[in-house]
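Colleague: Sending over a structure as structure tokens; questions will come in a sec.
The values are calculated or read from the model by the stated rules, or taken from the named source; none is laboratory data. Owing to the predicted nature of the structure, the values given are computational and were not obtained by experimental measurement. Note that each Cβ is placed from the backbone with ideal geometry, even for glycine, and that neighbours are counted across all protein chains shown.
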Amino acid sequence: MPKNDRLIKACQQQPVDRPPVWLMRQAGRYMSEYRAVRAQTPFLELCKTPKLAAEVTLQPYEHFGMDAVIIFSDILIPIEAMGMGLELSERGPVLHNPVRNAERLADIRVADPYQDTPFVLEVIQEVKKLIKDEVPVIGFAGAPWTMASYMVEGGTTKNFIELKRLRFAEPQLLHTLLEKITETVAKYLAAQLETGADLVQLFDTWAGELSRDDYRIFAKPYIQQIVKHIRTVSDRPIILYTNGCASILEDMIETGVDCVSVDWRIDLAEAKRRVAGRTAIQGNIDPCALLAPADELTKIVQSNIDKFGGDPGLIVNLGHGILPPTPPASVRVFVDAVKNYQKK
């Protein structure tokens, strides 16, 4: 167990002296130290170089003292191992020859994390060695629906036309793709936990594009399968993040995860009421709040904590990843506002 176990306890809804705090994408372009590494190393190469990825993982912790580190990687790493050409840059991902028919789907395989992405596991090992159990190490992966969106669209999209064409015109083909992704992600996260990750987070960034009925068909069952598989190898916490979660929050809870991570479009007090103690809650400050003056940002963070009413089970985080223009000084204000919080 890490010496600072606030995050683990919060996921388990155990009492802590204060809520734990970390930030999604806390290692990234807002830090000059990260930009210096990136100036010498392409993004995908950085992800695949364990010592460099571990260095970048630890940069924000060394500067700001969050209550956890999350390994530096990308949710699309397993997709390359499944048989797709992948380019990653600061402008976004490009996946060659998208999956839009049965012939292309036949080429997609289930990846083995130990054989196909061993560098991710080596990053965890390197970080664990360097962090010396001071704080938890978070592993992560993309959830099946979100992974499928990239594999079908070939990159980032605003309207998901190709993915939704499969949903309505060839749903069985989409289900088959989701099954392959699910098996890959389940093995990938289990391997991260077996290697030493203290908990894992599933990122379902694009599930908010689904209606509630479609979420129950094309997203929820596959997350449940992943959770069930992970439980066979580990009882460590699982966090599920969904952007645009307001309409599907209860379904997220029913996936079996320990914590639901919510975005800023839902009020934290409302989320707490609807969750009703069935899971912990992570979130949910708008990343743009870190562009506010320090005094205002402190008020925003502490108001966020107030909304939880002092009950256990809160993890302070953003409602999405930290933005590149964020001043590093604001990250310090954000973290310190949690550390210095006093219940009214």
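Colleague: Taking region 91-107, which residues are over 21 Å from the mean Cα position of the chain (by Cα) and either surrounded by 14 or more Cβ atoms within 10 Å (Cβ to Cβ) or touching a residue at least 60 places away in the same chain (Cβ under 8 Å) (or both)?
Modeller: Residues satisfying the conditions are Pro98, Val99, Arg100, Asn101, Ala102, Arg104, Leu105.
Colleague: Can you name the number of the only condition in (1) more than 18 Å from Asp198 (Cβ to Cβ); (2) in contact with a strand residue (DSSP E or B) (Cβ under 7 Å, 6 or more places away or on another chain); (3) of a type in the set (Gly, Ala, Ser) that Ala10 fails?
Modeller: Answer for Ala10: the failing condition is (1).
Colleague: If the requirement is being β-branched (Val, Ile, Thr), under 21 Å from Leu7 (Cα atoms) and in a helix (DSSP H, G or I), which of these qualifies: Ile305, Ile322?
Modeller: Ile305
Colleague: State which residue pairs qualify: first residue without any contact (Cβ under 8 Å) to a residue 40 or more places away in the chain and of a type in the set (Lys, Arg) and inside region 108-136, second residue part of a loop (DSSP other than H, G, I, E, B) and buried (at least 23 other Cβ atoms within 10 Å of the Cβ) in any location, beta carbons under 7 Å apart, and separation of 6 or more residues or different chains.
Modeller: Once the first residue is without any contact (Cβ under 8 Å) to a residue 40 or more places away in the chain and of a type in the set (Lys, Arg) and sits in region 108-136, no partner that is part of a loop (DSSP other than H, G, I, E, B) and buried (at least 23 other Cβ atoms within 10 Å of the Cβ) comes close enough.
Colleague: Further question on the same structure: Considering only residues that are without any contact (Cβ under 8 Å) to a residue 60 or more places away in the chain and among the aliphatic types (A, V, I, L, M), look in region 191-233 and name the one that is surrounded by the fewest Cβ atoms within 10 Å (Cβ to Cβ).
Modeller: Looking at the filtered set, the residue picked out is Val233.
Colleague: Assess whether Gly244 counts as being surrounded by 14 or more Cβ atoms within 10 Å (Cβ to Cβ) and either of a type in the set (Lys, Arg) or on the phi > 0 side of the Ramachandran plot (or both).
Modeller: yes
Colleague: Out of curiosity, is Arg104 part of a loop (DSSP other than H, G, I, E, B) and either modelled with pLDDT of 95 or more or polar (S, T, N, Q) (or both)?
Modeller: no
Colleague: While we're looking at this one, here's another question. Identify, please: which residue in region 1-54 is among the polar types (S, T, N, Q) and more than 17 Å from Leu88 (Cβ to Cβ) and is, among those, surrounded by the most Cβ atoms within 10 Å (Cβ to Cβ)?
Modeller: Gln26
Colleague: Could you list, in sequence order, all residues of region 281-298 that are in a loop (DSSP other than H, G, I, E, B) and touching a strand residue (DSSP E or B) at 6+ places or on another chain (Cβ under 8 Å)?
Modeller: Matches in region 281-298: Asp286 only.
Colleague: Okay, moving on. Quick check: is even one residue across region 22-32 modelled with pLDDT of 95 or more, part of a helix (DSSP H, G or I) and not β-branched (Val, Ile, Thr)?
Modeller: yes
Colleague: Pairs, please: C-beta under 6 Å, at least 6 apart or cross-chain, first residue at positive phi and in region 260-288, second part of a loop (DSSP other than H, G, I, E, B) and crowded, with 16+ Cβ neighbours inside 10 Å?
Modeller: So the pair list comes out as Gly283/Val262; Gly283/Gly319.
Colleague: Looking only at region 149-180, which residues are touching a residue at least 40 places away in the same chain (Cβ under 8 Å) and aliphatic (A, V, I, L, M)?
Modeller: Met151, Val152, Leu166, Leu173, Leu174, Leu177, Leu178
Colleague: Would you check if Val16 is over 21 Å from the mean Cα position of the chain (by Cα), closer than 22 Å to Ile315 by Cα, among the aliphatic types (A, V, I, L, M) and assigned to a loop (DSSP other than H, G, I, E, B)?
Modeller: So Val16 passes the test.
Colleague: Say whether the condition of being of a type in the set (Gly, Ala, Ser) and more than 30 Å from Val127 (Cα to Cα) is met by at least one residue in region 160-170.
Modeller: Checked region 160-170: at least one residue is of a type in the set (Gly, Ala, Ser) and more than 30 Å from Val127 (Cα to Cα).
Colleague: When the residues of region 35-90 are narrowed to those that are at pLDDT 95 or above and in a strand (DSSP E or B), which ends up nearest to the chain's Cα centre (by Cα)?
Modeller: The qualifying residue nearest to the chain's Cα centre (by Cα) is Ile70.
Colleague: Does Glu62 satisfy being under 22 Å from Glu33 (Cα atoms), without any contact (Cβ under 8 Å) to a residue 12 or more places away in the chain, surrounded by fewer than 20 Cβ atoms within 10 Å (Cβ to Cβ) and acidic (Asp, Glu)?
Modeller: yes
Colleague: Just checking, does region 158-179 include any residue being touching a strand residue (DSSP E or B) at 6+ places or on another chain (Cβ under 9 Å) and on the phi < 0 side of the Ramachandran plot?
Modeller: The answer is no; no qualifying residue exists.
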